[in-house]
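Reading through the structure tokens given below for one structure.
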Amino acid sequence: MKQNLAWLEYCKSLAPAVVETCAKVPVSSGPGALVKALSLALPEWKFRHALSRGGWYRLGGILDLQGQRVSDSLETWVENALDERDGDFARLIDDFADQRLFATRLVGQTHYLVASADDSSDGFLQLEIEDLQEMRVHQLFVNDPSSQEELVDPRGGADMPIPVGLPFYTFRRIQHIGAFLKRMLAQKPEPAAIHRMLEDWQKSSASGTSAYYNHWIIATREHLDRYQQPVFRAQPIATLAGEPPEFEATTGSSGLKLNEALSRFDRQSGYPMAWYFHMLTSKAVPHWVAQSVVEDSLAGFAYLPQRDVNVVRSWLHRPYAV
């Protein structure tokens, strides 16, 4: 536990250098320039870009018709305005019906960068940097909202987005993944699916070929439940560009045909046992494959190393999905 806390504090100590780097590097120069700048700011860590995930937004602030900023936080402004009117939503609408105010959104993507900390499957630092751009979206109050949600984020009610400024990088978090997963175990000793996946990676031939973080990042979440106890979540996400390869074997295939399909999937993914880890995390590979692989092994058709067969057999005895 002390080591986990030490990693937490250490990662916090790295944050100021990352924040400063984000402020210096223009988004237009691309993730490669960001990685290069980080190598100068944190020379002891060899970060590389692993994955970008976009298509999301957060609520922004409020602008007037001239583009002057009324508030940095749309939600806070609405909450305060309602409090001033004793929660009377209709009065709020009436008071601002003649004012042309516009909501903004921060539209972005998250860049995941990774760096090795040790030789274990979860022994790596994961750095998350957001690439954001503020966009002016809908005009407030013109859609005759009946709730606070309809006011701040109307469904299908956004106007054509207009950029407010240039895109920019902002630091989100940096963490030692192994330390995060150990904190999960400290809270709930029964290993979660992500722990079992990493253990299977370590036991399989995948670990002898490539590091886990070369093919997967782990999206983490942490919040307090109603009893103010921490709740941890960890979800593996493949760093493959696009969709996983197509698994080219019909249901019930075995022997040579199944071996060819497994080998082709692994080759396209870039590491052995890729089919197994995608079976755990997606629908790319169906579950019947595991049963057929073990049956082939028992019948003497040994196209997988025994260590990999053992991993698959263990999964059949106690299945899990991540």
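The values are calculated or read from the model by the stated rules, or taken from the named source; none is laboratory data. Small disclaimer: the values here were computed from a predicted structure and weren't measured. As a convention, Cβ positions derive from the backbone with ideal geometry for all residues, glycine included, and neighbour counts pool all protein chains shown.
Set side by side, the residues Phe102, Phe47 differ, and just one is crowded, with 20+ Cβ neighbours inside 10 Å and closer than 30 Å to His195 by Cα, which is Phe47. The criterion of being modelled with pLDDT under 95 and of a type in the set (D, E, K, R) does not hold for Asp200. Taking (1) within 14 Å of Tyr169 (Cβ to Cβ); (2) surrounded by 18 or more Cβ atoms within 10 Å (Cβ to Cβ); (3) in contact with a strand residue (DSSP E or B) (Cβ under 7 Å, 6 or more places away or on another chain) in turn, Val19 satisfies each apart from (2). If you go through the range 278-322 and keep only what is of a type in the set (Gly, Ala, Ser) and buried (at least 16 other Cβ atoms within 10 Å of the Cβ), you end up with Ala284, Ala290, Ser292, Ser297.
When each of Ala219, Ala179 is tested for being under 19 Å from the mean Cα position of the chain (by Cα) and either within 19 Å of Trp315 (Cβ to Cβ) or part of a strand (DSSP E or B) (or both), the lone residue that passes is Ala219. Total residues in the range 148-172 satisfying the condition of being surrounded by fewer than 15 Cβ atoms within 10 Å (Cβ to Cβ), within 26 Å of the chain's Cα centre (by Cα) and free of Cβ contacts under 8 Å to residues at least 24 places away in the same chain: the figure is 3.
Criterion first (in contact with a Leu (Cβ under 9 Å, 6 or more places away or on another chain) and either surrounded by fewer than 21 Cβ atoms within 10 Å (Cβ to Cβ) or not assigned by TED's automatic domain parsing to the domain that holds Leu51 (or both)) does Ser120 satisfy it? Spelling it out, Ser120 is indeed in contact with a Leu (Cβ under 9 Å, 6 or more places away or on another chain) and either surrounded by fewer than 21 Cβ atoms within 10 Å (Cβ to Cβ) or not assigned by TED's automatic domain parsing to the domain that holds Leu51 (or both). Each residue in the range 226-270 was checked for being of a type in the set (S, T, N, Q), part of a loop (DSSP other than H, G, I, E, B) and under 30 Å from Pro191 (Cα atoms), and 3 of them qualify.
Restricting to the range 298-311, name every residue that is in contact with a Lys or Arg (Cβ under 8 Å, 6 or more places away or on another chain) and not charged (D, E, K, R). Listed by number, the residues that qualify are Asn310, Val311. All told, Glu246 meets the bar of being at pLDDT 95 or above and surrounded by fewer than 14 Cβ atoms within 10 Å (Cβ to Cβ).
When the range 224-239 is filtered for residues that are touching a helix residue (DSSP H, G or I) at 6+ places or on another chain (Cβ under 7 Å) and at pLDDT below 95, the ones remaining, listed by number, are Pro230, Phe232.
Residues in the range 271-322 that are farther than 21 Å from Ile194 by Cα, of a type outside the set (A, V, I, L, M, F, W, C) and in a loop (DSSP other than H, G, I, E, B): Gly300, Tyr303, Pro305.
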